[in-house]
Structures are given as C-alpha cells and as structure tokens.
Amino acid sequence: MHVYYDKDADLALIRARRVAVIGYGSQGHAHALNLRDSGIDVVVGLREGGDSWRKATVAGLQVATMAEAAAQADIVMLLIPDETIGRVYRESVAPAMRAGAALGFAHGFSIHYGQVVPREDLDVIMIAPKAPGHTVRSTYAQGGGVPALVAVAQDRSGMARDIALAYASAIGCGRSGVIETDFREETETDLFGEQAVLCGGTVELVKAGFDTLVEAGYAPEMAYFECLHELKLIVDLIYEGGIGTMNYGISNNAEFGEYLTGPRIVTELTRAAMREVLQGIQSGDYARQFILESQAGAPTLQSRRRLTAAHPIETVGARLRAMMPWIGQGALVDRERN
Ligand code: NAP
Ligand code: MG
C-alpha cells in the first residue's frame with residue numbers, strides 16, 4: 001500500500017482551481033476553512049435560509065446557492081448528508097457544473113450504491129479524511145493533519161488522482177499521510193468499521209456494561225466512570241502505541257482480566273454477526289435500508305436519538321461532565337459555529 005505526503009502533491013494544481021464546498025456541516029466547515037487557510041479560492045454552496053448560511057458567512061467565507069457555487073468552480077466537493085447527495089447532485093449540481101470539472105466526495109457511498117450517476121465529462125474523485133470533521137479542522141489549525149484516503153472513480157482529464165492528492169494536501173492530510181484506495185473498498189470498510197466497531201459496537205458495549213452494573217445495584221456515577229469515562233483513557237493508549245502499549249500501561253490485574261474476559265464478551269457469535277453485517281454492506285442491503293429510512297422521514301434516527309438522550313448514561317453523564325470543567329475546555333464541537 002502506497003502512502004503519499006505533502007511532497008508528493010502539487011499544490012499548484014489546486015491553487016489554479018476554484019473549489020466549491022457544498023455543505024457546511026461536520027466535514028464541510030473543516031474543508032472550507034482548511035482550504036481557505038491554505039490559500040485556496042473557496043466558495044461555499046448552501047441552501048438559502050439554512051443555519052449553515054449564517055455560520056459560513058460569520059466565518060468570513062464566500063457563500064452562494066449550491067447551483068451558483070457549482071457553476072463557478074473547477075472542483076465541486078459534496079459534503080452534505082449521504083442520503084441527500086443524490087437529489088442535490090441531480091437538481092442543483094449536475095446541471096450547473098462546468099464541462100470537465102471535478103466532482104468530489106468524502107465517502108464513496110453515493111457512487112458505489114448508484115445514488116449519483118456522474119456526468120460523463122467529469123472527473124470523479126474521493127478525498128475521505130479518516131476523522132470527524134471537527135478533528136479535521138482542529139488538527140489542521142494546530143499545524144497537523146489527519147490521514148485521508150483518496151480514490152478515483154472517473155478520470156476524464158487524466159489528472160484526477162493528482163487533483164485529489166492536491167486537495168488532500170490543502171486540507172492538511174498530506175502532513176500525516178494519504179492512502180490511495182478505490183470507491184468500493186473505502187465505502188464497505190468505512191461502513192463496516194463505524195457499524196461493527198467504532199459507533200455501533202462501542203456504544204452498545206458501553207451501554208451494556210453500564211446497565212449491568214446499575215442493574216446490580218451499583219451507583220450510576222460509578223458505572224459511568226468505569227464504562228464510559230475511562231474508555232477515552234484506554235483508547236488514547238491504544239492510539240498512541242497499539243494494544244501492547246495499552247497493556248504495558250495498565251496493571252497486570254487489568255491485563256489478565258482482559259485475556260480471560262474479552263473473548264467471553266466478544267464471542268464467536270459476535271464474529272459471526274460481524275461477517276453477516278459485512279455481507280449486508282456488500283450486498284447493498286444496508287444502503288437500501290438507509291435510503292428508505294431517509295425517504296420515510298428518518299423515523300428510526302429521530303426515535304433512537306430521543307431514546308438515547310433519555311438513557312441514564314446520558315443524563316448521569318451530563319451531570320458528571322458539568323463537574324469536570326476541563327473536559328469542555330478546547331471542545332471539538334461548537335454547535336453554534338458548525
Ligand atoms: P453533515 O454535517 O450532516 O452536513 C450538514 C450540512 O449539509 C449543512 O451545511 C446542511 O445545511 C447541509 N444539508 C443538509 N441537508 C441538506 C439538503 N437536503 N440539501 C442541501 N444541503 C443540506 O454532513 P457530514 O457528516 O459532514 O457528511 C458529509 C459527507 O462527508 C458525507 O458523505 C459523509 O459520509 C462524509 N464523511 C463525514 C465524516 C464526519 O466526520 N461527519 C467523516 C468522513 C466522511 P443546512 O444548515 O442548511 O441544513
Ligand atoms: Mg462513514
């Protein structure tokens with residue numbers, strides 16, 4: 001696997017181009033601000049009257065409607081929710097884009113599952129930072145960058161890969177490393193990782209641990225500390241030096257418990273479930289469910305957000321975090337600004 005760095009990217013390629021960033025949410029604000037701070041000519045394309053219009057304007061960015069922005073740009077980066085991309089592309093972006101321009105994504109979903117069938121004359125590229133948007137921004141602002149994946153689905157100019165690399169470098173990713181992949185691999189591994197491990201698996205594991213302790217009569221505050229709060233401390237060690245460094249940092253007692261109990265929690269059944277989840281992603285089953293969810297008005301997302309907010313781990317957690325003011329200092333997420 002080849003890793004690219006800033007030295008492999010030709011920033012002149014993106015300096016010579018105007019970039020339209022469509023959307024100013026988690027990824028959108030990070031790309032727009034990082035590009036601007038790298039000296040790139042950026043216009044943010046948004047729907048009028050939305051919250052983002054005000055936030056991007058307050059940040060000093062040039063803002064236009066999505067069609068206007070797309071019409072002015074040589075690279076159009078679609079950074080709106082995946083379930084909205086197909087429609088926005090068809091209605092506002094495809095009719096407006098310049099001939100031979102580049103269409104960019106931060107996730108392969110829309111192309112891989114046929115939600116966007118790109119115009120024949122366009123380059124189609126992916127620049128997918130491997131971090132939440134707020135980290136993409138904060139890391140760049142500190143002088144670093146997060147790793148990213150780049151891929152090319154359509155290369156009409158013969159320069160699609162170089163344009164993707166230049167873009168990745170301009171948002172800071174060349175400082176830590178850019179890996180080339182393809183749309184299928186990025187889409188399927190990204191969905192699997194977030195569902196099985198990062199978001200789905202972790203949240204259920206944390207809640208199950210918390211519930212077990214609380215049901216057994218222990219204080220919810222204790223359960224919060226042991227099962228949620230300390231997760232970050234452990235993950236920091238794993239992130240820094242792998243599992244070995246984490247095991248070096250914890251007690252022999254904790255390490256022995258890890259070996260004895262871990263495989264009793266994540267069992268062969270869990271691994272079989274993971275393989276099934278992966279098959280559902282590969283077959284398009286998951287994508288169909290997600291798109292239907294959106295067409296139905298997102299009932300699952302809304303109900304589950306409400307139920308999660310009411311779970312004791314969230315209410316107890318909010319109270320405990322209020323007593324630890326250092327946690328909020330330098331917060332990654334400021335909902336007022338993006
Ligand atoms: P997001 O924060 O949910 O996007 C919000 C933005 O999209 C806002 O500017 C919002 O404008 C606009 N928007 C929402 N619905 C819209 C619609 N129907 N028409 C037009 N604009 C609409 O999105 P995201 O999480 O950054 O994801 C963007 C892309 O990056 C996705 O492809 C995702 O898979 C990928 N990605 C995300 C992350 C991440 O950290 N979140 C990480 C890697 C890749 P208003 O204010 O007007 O509503
Ligand atoms: Mg994802």
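Here, each number is a calculation from the coordinates, and none is a lab measurement. Quantities reported herein were computed from a predicted structural model and do not represent experimental measurements. In this analysis, Cβ positions are derived from the backbone assuming ideal geometry, glycine residues included, and neighbour counts consider all displayed protein chains.
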Original post:
If you count the DSSP beta bridges with both ends in the chain, what percent of them are antiparallel, to the nearest 5?
Top reply: 25 percent
**OP:** Can you tell me the 0 to 90 degree angle between the C-alpha axis of helix 299-310 and the longest principal axis of the chain, rounded to 10?
**Re:** 40 degrees
Original post:
Where nothing but the Cβ of Lys and Arg (+1) and of Asp and Glu (-1) is charged, how large is the charge dipole of the chain around its Cα centre, in debye to the nearest 20?
Top reply: 840 debye
Original post:
To the nearest 20 debye, what charge dipole does region 207-315 have about its Cα centre, counting +1 at the Cβ of each Lys and Arg and -1 at the Cβ of each Asp and Glu?
Top reply: 460 debye
Original post:
What residue among Gln154, Val136, Gly25 has its Cα farthest toward the positive end of the dipole of the chain, where the charges are +1 on Lys, Arg and -1 on Asp, Glu, each on the Cβ?
Top reply: Gly25
**OP:** Return a whole-number percent for the relative contact order of region 53-183, with Cα pairs under 8 Å and 6 or more residues apart as the contact set.
**Re:** 20 percent
Subject >> Intensity falloff of region 113-224 expressed as log10 I(q)/I(0), Debye formula with alpha-carbon point scatterers, at q = 0.21 Å⁻¹ >> reply: -1.11
**OP:** Fewest Cβ neighbours within 10 Å first, please rank Met246, Met97 accordingly.
**Re:** Met246, Met97
Original post:
So what does log10 I(q)/I(0) come out to for region 276-338 at q = 0.18, 0.22 Å⁻¹, using the Debye formula with one equal point on every Cα and no solvent?
Top reply: -0.89, -0.95
Original post:
Expressed as an acute angle from 0 to 90° and rounded to the nearest 10, what is the orientation of the C-alpha long axis of helix 230-249 relative to the principal long axis of the chain?
Top reply: 90 degrees
**OP:** Note down the magnitude of the dipole of region 1-48 about its Cα centre, charges +1 on Lys and Arg C-beta and -1 on Asp and Glu C-beta and zero elsewhere, to the nearest 20 debye.
**Re:** 120 debye
**OP:** For each of His229, His29, count neighbouring Cβ atoms within 10 Å of the residue's Cβ, then give the residues from fewest to most.
**Re:** His229, His29
Original post:
How would you rank Tyr259, Tyr113, Tyr140, Tyr218, going from fewest to most other Cβ atoms within 10 Å of each one's own Cβ?
Top reply: Tyr259, Tyr218, Tyr113, Tyr140
Subject >> Percent of alpha-carbon pairs separated by more than 39 Å within the chain >> reply: 19 percent
**OP:** With everything on Cα atoms, drop me the angle between helix 252-265 and the longest principal axis of the chain, reported from 0 to 90° to the nearest 10.
**Re:** 70 degrees
**OP:** Please express the shape of region 209-273 as an equivalent ellipsoid: the semi-axes are the square roots of 5 times the eigenvalues of the C-alpha gyration tensor, given largest first in whole angstrom.
**Re:** 21, 18, 12
Original post:
Under the definition of Cα pairs under 8 Å and six or more residues apart, what whole-number percent is the relative contact order of region 200-338?
Top reply: 24 percent
Original post:
Say we join alpha carbon atoms closer than 10 Å with springs in a Gaussian network model of the chain; which of Val93, Val136, Val214 then has the biggest fluctuation?
Top reply: Val214
Original post:
222 nm [θ] for the chain, helices only, -39500 (n - 2.57) per DSSP H run of 4+, per residue, to 500?
Top reply: -15500 deg cm²/dmol
Original post:
Once you sort the root eigenvalues of the Cα gyration tensor of region 230-338 as a ≥ b ≥ c, which label holds: rounded (a/c under 1.5), prolate (a/b larger than b/c) or oblate (the other case)?
Top reply: oblate
Original post:
So which residue, out of Gln62, Gln289, Gln72, gets the largest mean-square fluctuation from a GNM of the chain using Cα contacts under 10 Å as springs?
Top reply: Gln289
Subject >> Greater than 25 Å apart at Cα, pairs in Lys55/Lys207; Lys7/Lys130; Lys130/Lys232 >> reply: Lys55/Lys207
Subject >> Descending semi-axes in whole angstrom, ellipsoid equivalent of region 1-68, from the Cα gyration tensor >> reply: 26, 12, 10
Subject >> Where Rh is the Kirkwood radius over Cα pairs, Rg/Rh for region 152-297 >> reply: 1.06
**OP:** Using a 10 angstrom cutoff on alpha carbons, build the Gaussian network for the chain and name the most mobile of His134, His107, His311.
**Re:** His311
Original post:
When N is the residue count of region 29-181, what does its C-alpha Rg come to as a fraction of 2.2 N^0.38 Å?
Top reply: 0.97
